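Step one of this worksheet: look at the structure below.
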Amino acid sequence: MERSDAVEIGVAIGSVAIFVAALVAVGTLYGTTDGTFDGTLTGDATLDDGALSGTVDGDLQGSVADTSGGQFNGTFEGSFDGTDDGEPVNGTLEGTVNGTIDGASNATFEGTVTGTLNGTTNATVSGTIEGTADGSIQETNHIAADGALALVGALALFILVMTAVGLFLARQDS
């Protein structure tokens, strides 16, 4: 094997290693890991500044900031069974909720829900739901929008560097 062949092989291996390292750096800097929660929520609800209180039971799904729990944004759909100044109030609630999930067991939510309470369609209520979320958090990984631009830049730089190195090696053989 001639010296020029060894140099070409070394440069090729080195450039691929640099490119892979750049990809890892871009993935680390611009990658995001979050999760989606799909499960149920059972707990106590205090709505309309304490005017309505009772229990909720239903389906909860949405996105979670981290796979171990954290900020939750999603939807709730389920039943409400409670009282309003001693009078029974029952019905269904659905809508958006925001809050926190600690793993998949403890949850505190605040948000606005709409639904049917005692036959009143689309009665809008807001308040706090504290309860137990039972379900699972699925991890989702992706490259953020800024990372896609950096990835394209790293690829373009790799192509330019490989072209320049190839030109340099071709001139060395001449």
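The values are calculated or read from the model by the stated rules, or taken from the named source; none is laboratory data. Please read these numbers as outputs of a predicted model, since none were measured by experiment. All Cβ positions, glycine included, derive from the backbone under ideal geometry; neighbour counts span all protein chains shown.
Some notes on this structure:
- Considering the stretch 22-116, the qualifying strands (runs of 3 or more DSSP E), each wholly inside and each with 2 or more residues that are modelled with pLDDT under 75 and under 30 Å from Leu157 (Cα atoms), run over 31-47.
- Residue within the stretch 56-79 that is without any contact (Cβ under 8 Å) to a residue 60 or more places away in the chain, surrounded by 16 or more Cβ atoms within 10 Å (Cβ to Cβ), within 16 Å of Thr128 (Cβ to Cβ) and touching a Pro at 6+ places or on another chain (Cβ under 9 Å) present: no
- Filter result for Asp134 (of a type in the set (Asp, Glu), at pLDDT 75 or above, out of contact with any Cys (no Cβ under 8 Å at 6 or more places or on another chain) and under 16 Å from Gly54 (Cα atoms)): no
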